[in-house]
Structures are given as structure tokens and as C-alpha cells.
Amino acid sequence: MTKYIFVTGGVLSSLGKGLAAASIGALLESRGYRISIQKLDPYINVDPGTMSPFQHGEVYVTDDGAETDLDLGHYERFTAMIASQKHNMTTGRVYQKVITKERRGDYLGNTVQVIPHITDEIKAAVRKLESPDIDVSIVEIGGTVGDIESLPFLEAIRQLRLEVEPGNAINVHLTYVPYLKSARELKSKPTQHSVKELRSIGIQPDMILCRCEMELPDQLREKIALFCNVPPNAVKAAVDVDNIYKVPLKFAQHNVDTAVCRMLRLDERKSDLTRWKKLSAVIDSPREPVEIAIVGKYVDYPDSYKSLIEALYHAGFSNRADVKLHWLESTKFEKDADLSSLDKVDGILIPGGFGVRGVEGMIRTIRHARENGIPYFGICLGMQLACIDYARNVALLEGAHSSEFEDDPTYKIIYKLRELVDIDEMGGTMRLGAYTCDLKEGTLAHQTYGAAQISERHRHRYEFNKEFMPILSGAGLQFTGMSPDGLFVEIVELKDHPWFLGCQFHPEFKSDPFDAHPLFHGFVKASIRNRSLRLQHAESIGKEMV
Ligand code: GLN
């Protein structure tokens with residue numbers, strides 16, 4: 001039978017509720033429990049697919065093609081769960097379902113209301129994850145307690161808790177305990193207010209996780225316990241850590257999982273944290289730096305590239321290197337702008353993106369990497385633009401472009417496969433989710449993956465136009481990954497280059513800290529090699545100059 005942990009947040013947003021949920025999940029898994037984590041998002045968008053990355057950060061894509069909240073990325077990176085559409089529910093989606101039912105006449109003339117119809121639909125979405133294979137379902141409610149829009153979700157979990165047997169559901173509330181420098185004191189008042197707010201809607205937290213800069217003194221824990229109506233050992237410090245992958249160990253130190261097991265009446269099976277400890281040791285070990293440039297459009301909004309950043313860090317762990325990221329705005333590389341800053345990095349990555357802004361700067365960047373032997377990794381848009389650079393500057397197809405950026409380019413290298421994609425409606429037009437891809441033997445892709453067939457997640461509208469395969473491969477571009485039906489080009493690479501690869505899919509969604517994605521591992525490894533050559537070269541020039 002599936003038990004529940006409902007995770008809510010108070011005081012402020014961005015306290016790391018997603019990471020807290022993921023870490024509790026990881027700790028339960030380390031005790032042999034099978035878990036799932038679900039995110040309930042109070043916004044009205046049906047999914048985050050159409051939301052600007054500037055506002056909402058990355059759109060995380062699941063195997064089954066759902067465009068979801070980026071917290072699902074944390075869940076997958078921290079635990080063994082495979083995320084799907086079922087793991088993310090928004091207000092918009094809930095209302096869409098209820099309204100469809102209402103139009104169909106399912107409510108038999110009853111007045112359709114937030115309680116019970118909306119809340120019933122939320123409960124149904126939560127209970128959909130109940131299964132004999134899931135011991136604990138962790139449900140994170142987005143937003144902050146006190147927001148108007150999260151009320152139906154909170155009401156639904158309040159009701160749900162009553163529906164399951166006592167001991168089968170608990171509420172964990174994450175709050176903030178600020179340190180006031182002038183008073184040299186940690187302050188509990190915001191937490192008290194937040195819990196008061198929660199209790200006023202009928203939810204009594206079982207555990208309070210207090211995000212804070214330093215450990216909570218016992219006295220303060222006791223005070224919070226007293227005012228918030230929980231036992232002192234249910235008040236836990238969620239102390240800042242220097243790396244997110246240390247959160248599970250920190251929680252374990254504070255016996256968060258032991259307390260959860262007791263409250264949920266689960267056997268306190270022995271916990272095995274070996275892999276988290278090893279990871280933490282790698283993070284703390286001295287690691288040589290490697291400088292990676294990310295050239296793109298949303299460079300001031302790292303949340304838009306959450307999974308990408310994590311995947312690069314994972315490759316840093318697997319290569320025992322300290323990956324340093326340089327965010328470069330591609331518009332700065334347009335026309336005849338100076339590209340020499342690109343020679344100061346060890347590898348260049350162009351990530352996914354939409355819209356024309358900065359595209360010419362990206363194409364110049366790719367050309368520079370290609371001509372100067374700088375390892376290059378192009379993801380989705382980064383792959384499409386690598387094909388355009390090759391078409392324009394090597395195959396000399398002047399005017400080669402993507403139909404995303406020009407209505408009718410002379411050479412339509414990247415285009416929309418109209419017969420395959422229904423193009424009319426926003427949010428319904430993309431190739432989304434996992435697709436298999438065959439890799440050509442003996443190629444960089446094949447070597448790097450060590451497999452002949454792979455599965456990767458997609459999120460894009462445009463594709464490489466296969467008409468140009470003969471001319472570009474004649475000019476030296478290798479097509480090394482294809483969809484099994486031969487319809488889609490998935491990977492391109494260059495032979496006479498230290499490391500140059502573009503993929504149409506998003507490998508960053510399938511990397512985890514214990515098992516870096518092979519492409520990211522390979523790219524970072526090549527960048528490390530490039531760095532040592534670069535440094536040797538600089539040293540020899542230096543010597544000559546002496
Ligand atoms: N804009 C391109 C497309 O829609 C690339 C998308 C992406 O990089 N995710 O095909």
C-alpha cells in the first residue's frame with residue numbers, strides 16, 4: 001500500500017522544496033523503499049511548455065513526452081524514479097479535465113465547484129500514482145502557503161489525509177529561519193506565521209524543515225516546536241550546503257528519514273548511503289579546473305539550463321574535474337565581433353533554444369570551434385546550427401538556414417517535417433519525449449555510448465532536411481545517429497576534429513550524479529585534453545619569449 005508525504009513550503013519561494021522532496025525520496029530509497037515524487041503546480045498554464053524560460057526556468061521533458069516543471073529533473077537525478085506526465089499536475093490541467101467532464105454532462109446537472117469537483121480531481125491525480133510497486137508517494141505542492149492559487153491543492157491534501165488510515169500520510173513543511181546579522185540571532189517568527197497559516201486551513205505539519213544558514217540551537221528548535229505544535233525532534237534544520245548533492249547526507253545526519261519512517265509506521269530498515277558518501281568525497285576532492293563556455297540566449301537565467309548545468313557537473317565528477325562555466329551571450333559574437341574570448345575556454349557548448357535572436361553569433365561560434373579544434377557539443381539548436389555552419393562554410397551553400405529563422409531560405413537545411421507534425425496549435429507541435437536512435441559503428445557517438453542503439457528525449461519542432469545528407473556528407477559531415485526508420489537525423493559529428501558532435505535530442509535530461517551521461521562525459525574529457533594541450537602550448541610560447 002502506498003503511503004504519502006505531502007511537502008509544502010512557507011515564508012519564501014526558492015527554499016529548495018524540490019530538493020528537499022528529492023532528498024527525502026533518496027533517503028527512503030537508501031533504505032530499500034520504492035518511491036515516487038509528484039509535483040502539483042498551482043499555475044493556470046496546462047503545462048510549462050509554453051512558459052518563457054526567463055520566467056519559469058527550464059521545461060523538463062519526460063520519456064513519455066510530458067513538458068514539466070524543472071523539479072522533476074531533481075527527482076530523477078536524486079532517485080530511481082522515472083518521471084512521466086502523471087508526476088506533474090497543474091491547476092490548468094485540473095480545470096481542463098473538470099471542464100471537459102462538465103461539457104460532457106458527467107456531473108449530471110450539479111453545480112460544478114472548487115470543492116468537491118476540483119479537489120476530487122486533484123485527489124484522483126495524486127491517487128493515480130498509488131501502486132503495489134510504490135511504498136511512498138511524495139507529493140510536493142508548488143508555491144508558498146498563503147498564496148490564493150495553491151488553496152485547492154492544500155485542501156485536497158487535507159482531505160486525502162483523512163481518507164487514508166492514520167499513519168499513512170504525513171505533512172512536511174519547509175520554512176525559512178533567517179539569521180539577523182544585527183541581532184546575531186536566528187529568527188523563528190516567519191516559521192511560526194507560516195505554520196499558523198497552514199493550520200488555519202486545517203493542516204498540522206508533522207515535521208518542520210527549517211532552511212537556515214547554520215545549525216539550529218536546541219532552544220530555538222524547542223521554541224519552534226512549542227509554537228508550531230510539533231515535538232522538538234520533528235523540527236529539523238535544513239542547513240545550507242555547498243553542493244546540492246550533499247543535501248541527502250545532511251538530512252540523514254538530522255535523522256529526517258528515521259523520523260519519516262517512524263511517523264509513517266515503516267520499518268526502519270538499514271540505510272545504505274555509500275554512494276552518496278562517495279559522491280560527496282568526489283565533490284570535496286581536489287579537482288583540476290576545466291573551462292566550458294555555454295554560448296546561448298538565456299545566459300543570464302541559469303535556471304533555464306538547469307539539467308544542462310547539472311549534466312556538466314556530473315561529467316566533472318566522472319572525470320574528476322572542476323567544471324567552470326562561462327556564460328556567453330551569443331549576440332556579442334555577431335557580424336565581425338572579436339571571437340578571441342572563445343580561445344580562453346577548453347570546450348564550447350551551444351544548448352537548445354528557440355527564436356532567431358543570437359543565432360548568427362552561435363553559427364560564428366561553431367565555425368570558430370570547428371576551425372580551431374576546440375571541442376564542441378551542440379544540443380538541439382546547437383546541432384541544427386552546426387549543420388548550417390557546415391552547409392554555409394564548408395559545402396559552400398550560401399544562404400543555408402533553418403526555416404525557423406527565415407521564411408524560405410535558399411538552402412533549407414533545417415525544416416519542419418510537415419507531413420509528420422501537426423503544426424497548428426502552440427504547445428502541440430513538437431517532437432517530444434523518448435525516441436530510439438541507431439548509432440553507426442566505429443563513430444565517436446558509437447564509441448562514446450558503447451552501444452548500437454540508444455534512447456533519448458526530444459523537444460523541438462524542426463529537423464535536419466535529409467535532402468542535404470549527400471552533399472554535406474560529401475563535404476565531410478558525418479551522420480552517425482539516425483532514427484531506426486531512417487526518417488530523422490539525430491547525431492552529426494566531424495572526423496578530423498578533437499571532439500565535435502551535435503545531437504538533435506537533449507541528453508542532459510538523462511544524466512545523473514552517479515552516472516554522468518556518456519556524451520557529457522566524453523565532451524568534458526575532450527575539453528580536459530584540450531586544456532592540457534592549450535597550457536602546454538602557452539608554456540612553450542612563454543619559454544620561447546624568455
Ligand atoms: N528551435 C529549434 C526547434 O524547434 C530547436 C529547439 C531546441 O533546441 N530545443 O527545432
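Those helices (runs of 4 or more DSSP H) of the range 15-119 in which 2 or more residues are touching a strand residue (DSSP E or B) at 6+ places or on another chain (Cβ under 9 Å) occupy 17-29, 71-78, 91-104.
Pairs are defined by a Cβ separation below 8 Å, a sequence spacing of at least 6 or placement on different chains, a first member in the range 446-461 that is at positive phi, and a second member that is at pLDDT 95 or above and within 10 Å of the ligand (Cβ to nearest atom); no pair meets this definition. Based on what the data block shows, is Ile224 assigned to a loop (DSSP other than H, G, I, E, B) and either at pLDDT 95 or above or of a type outside the set (Ser, Thr, Tyr) (or both)? So Ile224 fails the test. One residue alone among Leu312, Leu342, Leu349 is touching a strand residue (DSSP E or B) at 6+ places or on another chain (Cβ under 7 Å), within 16 Å of the ligand (Cβ to nearest atom) and under 14 Å from Glu291 (Cβ atoms), and that residue is Leu349. Condition first: without any contact (Cβ under 8 Å) to a residue 12 or more places away in the chain and surrounded by fewer than 24 Cβ atoms within 10 Å (Cβ to Cβ). Can you find one or more residues in the range 348-369 that meet it? The answer is no, given that none of the residues of the range 348-369 is without any contact (Cβ under 8 Å) to a residue 12 or more places away in the chain and surrounded by fewer than 24 Cβ atoms within 10 Å (Cβ to Cβ).
So if I check each of Arg320, Arg364, which one is closer than 26 Å to His460 by Cβ, more than 16 Å from the ligand (Cβ to nearest atom), at pLDDT 95 or above and not hydrophobic (A, V, I, L, M, F, W, C)? Residue meeting the stated conditions: Arg364.
Within the range 262-312, the set of residues being in a helix (DSSP H, G or I) and of a type in the set (D, E, K, R) comprises Arg262, Arg275, Lys277, Lys278, Asp284, Asp303, Lys306, Glu310.
If you go through the range 106-133 and pick out every residue that is closer than 13 Å to Ile157 by Cα and basic (Lys, Arg), you end up with 2.
Would you pick out the residues in the range 370-380 that are free of Cβ contacts under 8 Å to residues at least 60 places away in the same chain and either buried (at least 24 other Cβ atoms within 10 Å of the Cβ) or acidic (Asp, Glu) (or both)? Hit for the range 370-380 is Glu371, nothing else. Looking across the range 7-31, the residues that are touching a helix residue (DSSP H, G or I) at 6+ places or on another chain (Cβ under 8 Å) and small (Gly, Ala, Ser) come down to Gly9, Gly10, Gly16, Gly18, Ala20, Ala21, Ala22, Ser23, Gly25, Ala26, Ser30.
The requirement of being within 19 Å of Asp147 (Cα to Cα) and within 31 Å of the chain's Cα centre (by Cα) is fulfilled nowhere in the range 222-235; no residue meets it.
Applying the criterion of being surrounded by fewer than 19 Cβ atoms within 10 Å (Cβ to Cβ) and in a helix (DSSP H, G or I) to the residues of the range 459-515, the residue that is farthest from the ligand (Cβ to nearest atom) is Gly474. Look at (1) touching a strand residue (DSSP E or B) at 6+ places or on another chain (Cβ under 6 Å); (2) modelled with pLDDT under 95; (3) under 25 Å from Arg529 (Cα atoms) and you find that Glu291 fails only one, number (2). Taken over the range 381-397, the criterion of being small (Gly, Ala, Ser) and either modelled with pLDDT under 95 or surrounded by fewer than 24 Cβ atoms within 10 Å (Cβ to Cβ) (or both) is satisfied by Ala395 alone.
A count restricted to the range 287-338 and to residues that are under 16 Å from Phe520 (Cβ atoms) and among the basic types (Lys, Arg) stands at 4. Leu198 fulfils the conditions (1) surrounded by fewer than 16 Cβ atoms within 10 Å (Cβ to Cβ); (2) over 27 Å from Ala80 (Cβ atoms) except for a single criterion, (1).
Quick grid of which residues meet (1) within 23 Å of Asp133 (Cβ to Cβ); (2) free of Cβ contacts under 8 Å to residues at least 24 places away in the same chain; (3) buried (at least 20 other Cβ atoms within 10 Å of the Cβ):
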position: Tyr33; (1), (2), (3): yes, no, yes
position: Asn45; (1), (2), (3): no, no, no
position: Ser52; (1), (2), (3): no, yes, no
position: Gln55; (1), (2), (3): no, yes, no
position: Thr79; (1), (2), (3): yes, no, yes
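Screening Thr111 against (1) more than 30 Å from Ile454 (Cβ to Cβ); (2) crowded, with 21+ Cβ neighbours inside 10 Å; (3) of a type in the set (Ser, Thr, Tyr) leaves a single unmet condition, (2).
When the residues of the range 373-412 are filtered to those that are within 30 Å of Ser532 (Cα to Cα) and polar (S, T, N, Q), the one that is farthest from the ligand (Cβ to nearest atom) is Asn393. Exactly one of (1) within 30 Å of the chain's Cα centre (by Cα); (2) more than 24 Å from Ile37 (Cα to Cα); (3) not polar (S, T, N, Q) is unmet by Glu197. Its number? Unmet for Glu197, out of (1) within 30 Å of the chain's Cα centre (by Cα); (2) more than 24 Å from Ile37 (Cα to Cα); (3) not polar (S, T, N, Q): (1). Considered as a group, the residues in the range 171-194 that are among the hydrophobic types (A, V, I, L, M, F, W, C) and surrounded by fewer than 24 Cβ atoms within 10 Å (Cβ to Cβ) include one that is nearest to Leu154 (Cα to Cα), and that residue is Leu186. Taking (1) surrounded by fewer than 16 Cβ atoms within 10 Å (Cβ to Cβ); (2) closer than 28 Å to Tyr60 by Cβ; (3) not aliphatic (A, V, I, L, M) in turn, Ser340 satisfies each apart from (2). Filtering the range 242-250 for residues that are surrounded by 13 or more Cβ atoms within 10 Å (Cβ to Cβ), of a type in the set (Asp, Glu) and under 29 Å from His74 (Cα atoms) leaves an empty set. A count restricted to the range 283-308 and to residues that are within 13 Å of the chain's Cα centre (by Cα) and buried (at least 19 other Cβ atoms within 10 Å of the Cβ) stands at 5.
Given the options Phe468, Phe505, Phe488, name the one that is touching a His at 6+ places or on another chain (Cβ under 7 Å) and either of a type in the set (A, V, I, L, M, F, W, C) or modelled with pLDDT of 95 or more (or both).
Working: Phe468 fails: touching a His at 6+ places or on another chain (Cβ under 7 Å); Phe488 fails: touching a His at 6+ places or on another chain (Cβ under 7 Å).
After ruling out the rest, the residue left standing is Phe505.
The values are calculated or read from the model by the stated rules, or taken from the named source; none is laboratory data. These numbers come from a predicted model, not from an experiment. Here Cβ is always computed from backbone atoms with ideal geometry, including for glycine, and neighbour counts include all displayed protein chains.
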